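Take a look at the structure set out below.
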Amino acid sequence: MVEIGYLILGVVAGILSGLFGIGGGIVMVPSLLMIFNMNILDANATSLAAMLLPVGILGVLAYHKAGLINIKDSLWISGGLFLGSFVGGELAVNINESLLVKLYAAILLYIAIGYFDILSYFKKNKDAKLADRDTDLQRPFWTYILVGIAAGIFAGLFGKGGGIIIVPLLIGLFNYDSKSAAATSLAALQLPVGLPSVVVYANSGHLNILFAAFIALGILIGAFFGSKLGMKLPSNVFRKVFATFLVIVAIYMVSK
């Protein structure tokens, strides 16, 4: 029964969603392409629709209980995600599909390099710089909206929740630690921020509601367990596992 396959995919995506705060789309789209033989626009639409409901809410509650979520920042990011989602969807349905895949792979590799922190190994004063990080630095609200807009455009283009953009930016620009960034990102993705791009895809004939529903159910289950695992992983391990995962997905996308 093919619906069971979509449910299992949702569980796996949910685990990654809760673990990395990325929404789960990063595993859904490649899997829908490879296993379920969808084209990239159908896969994007199904992935985004599956994440419209607050399917990661169990993971968010677990992170919130651990005190890892900044609610105010997540709400500003959500507003930006909603704005950017429409732009990303419009771009996706009007761009060459082969170019779309290559752009996606390139962005994944770029983010992975940042997570591996390769350049810092050439800096002698790395530890001193880390010690001097101002973790209480306050940023104006509009900077979080801009993060959301960038993530929303990316999400609409590639069928992702946008967390793959949010998490690195929160870490690199806003001095979040890895776990708090993942938690705040996951919280921002619980509102129906991808609705504008889903409407664009649906109007272009690329949406299957039934498949998206089964994936959404799986995400709801998996996100809870992913968040529990994420809280137990040391931050350094957390970053390296995420980076390795991104590289694997990027290589797969390029090879296809």
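If contacts are Cα pairs under 8 angstrom and at least 6 residues apart, what is the relative contact order of the stretch 2-255 in percent? Spell out each step's value before the answer.
On the way: 508 pairs, mean separation 114.6, N = 254.
Relative contact order, the stretch 2-255: 45 percent.
Here the alpha carbons of the chain define both size measures, Rg and Dmax, at 17.0, 57 Å. Give the separation of the Cα centroids, the stretch 164-240 to the stretch 20-64, in Å. The stretch 164-240 and the stretch 20-64 have Cα centres separated by 8 Å. Say a paramagnetic label sat at a point 7 Å from the Cα of Leu229, along Cα to Cβ; which residues of the stretch 158-180 have their backbone N under 13 Å from it? Inside the label zone: nothing.
Cα-Cα over 22 Å: which of Lys72/Lys232; Lys72/Lys240; Lys65/Lys232? Correct reply: Lys72/Lys232; Lys72/Lys240. Spacing of the modelled spin labels on Ile251 and Ser204, each 7 Å from Cα toward Cβ, amounts to 3.1 nm.
For the chain, the dipole from Cβ point charges (+1 on Lys and Arg, -1 on Asp and Glu) about the Cα centre works out to 640 debye, to the nearest 20.
Within the chain, helices built from complete DSSP H runs that reach 18 Å or longer along their own axis (Cα positions) and carry a mean Kyte-Doolittle hydropathy of 0.0 or higher are 2-20, 71-92, 97-116, 141-158, 209-232, 235-255. Dividing the helix sum by the residues of the chain, where each DSSP H run of 4 or more adds -39500 (n - 2.57), gives a mean residue ellipticity at 222 nm of -24500 deg cm²/dmol. For the chain, a Gaussian network of Cα nodes joined below 10 Å ranks Asn44, Asn208, Asn94 by mean-square fluctuation, and the top entry is Asn94.
Taken together, the values in this text are just the output of simple stated rules run on the coordinates, not laboratory data. Note that the structure is a prediction, hence the values are computed from the model and not measured. Ideal geometry is used to build each Cβ from the backbone, glycine not excepted, and the neighbour counts take in all protein chains shown.
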